[in-house]
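Have a look at the structure below before the remarks.
The values are calculated or read from the model by the stated rules, or taken from the named source; none is laboratory data. In this text, all values refer to a predicted model and were calculated from it rather than measured experimentally. Backbone-built Cβ (ideal geometry, glycine too); neighbour counts: all protein chains shown.
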Amino acid sequence: MVRLRVFGLVLGFALAFVSRANASAASGDESFNSGIEAYRAGDFAQAARIFHDCAKAHPASGTFQNLGNVEWQRGRPGNAILAWEQALWVNPFDRNARNNLRFARENAQLEAPELAWYEVGSAWLPAPWWAWIASGSLWLVVGMMTLPGILRWRKSPWQQAVASLGLAVFLLSIPAHAGVLARSRVGFVLEKDTLLRLTPTSEGEGVTRLAAGEPGRRVRARGNYLFLRTSRGSGWVERDQFALVCSK
């Protein structure tokens with residue numbers, strides 16, 4: 001009887017969790033559909049708010065893709081480019097986001113971010129995959145090296161070959177991890193004619209003006225200002241004028 005009660009409690013918790021997850025997914029679908037309806041109705045401001053909330057709750061390339069489309073229709077190329085870059089961060093295989101970025105940059109005469117070789121390599125797969133690959137390959141090496149002794153198996157060449165392959169994959173994933181970390185500091189200017197200042201003050205002398213959608217790297221922060229490195233110089237901008245691709 002005790003076991004049945006415990007099983008019933010566990011089953012009840014599991015069913016409650018599943019129902020909450022399904023309710024959350026259903027709520028997300030309803031919000032997404034509301035955003036689509038607002039977009040088709042031409043209410044781009046409302047659609048942008050809905051897609052932004054959906055992307056914050058459940059980041060997905062399709063949601064970022066639609067958010068970028070809406071922001072472009074609103075005449076906000078900086079926010080559109082940011083959203084499409086976020087779509088590629090989640091899913092590097094998203095052709096629509098890649099094509100939209102190419103079109104937007106050609107239209108606004110903007111450059112893509114300059115990436116080092118290990119950053120380019122890290123963009124071949126979604127960022128979380130590299131952690132899974134590294135942990136999986138490492139455990140494969142450990143297993144192939146320790147299990148034969150524990151289970152008193154006779155070591156064979158194929159086990160050593162698998163361990164060597166796992167070690168090679170693990171070592172190759174290290175530059176990709178460094179690339180993900182470096183790319184997480186890349187962001188985009190949101191407002192047009194953003195003033196790049198020499199000092200983090202409202203009276204700071206201007207270095208140059210940055211276009212909406214122009215890439216930069218966040219170096220450090222001070223108060224309400226961020227220090228950026230861009231292709232046209234380094235300096236300070238206000239926080240709300242710049243956003244990172246990886247916001248978490």
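Residues considered: Ser156, Ser135. Of these, the only one that is modelled with pLDDT of 90 or more and hydroxyl-bearing (Ser, Thr, Tyr) is Ser135. Looking across region 15-48, the residues that are hydrophobic (A, V, I, L, M, F, W, C), at pLDDT below 85 and more than 24 Å from the chain's Cα centre (by Cα) come down to Leu15, Ala16, Phe17, Val18, Ala23. If you go through region 129-182 and pick out every residue that is surrounded by 15 or more Cβ atoms within 10 Å (Cβ to Cβ), over 29 Å from Cys246 (Cα atoms) and of a type in the set (S, T, N, Q), you end up with 1. Looking only at region 115-131, decide whether some residue is in contact (Cβ under 8 Å) with a residue 24 or more places away in the chain, part of a loop (DSSP other than H, G, I, E, B) and more than 23 Å from Gly62 (Cα to Cα). Yes; the residues of region 115-131 include at least one that is in contact (Cβ under 8 Å) with a residue 24 or more places away in the chain, part of a loop (DSSP other than H, G, I, E, B) and more than 23 Å from Gly62 (Cα to Cα). No other residue among Asn91, Asn96, Asn107 is surrounded by fewer than 21 Cβ atoms within 10 Å (Cβ to Cβ) and over 19 Å from the mean Cα position of the chain (by Cα) apart from Asn107.
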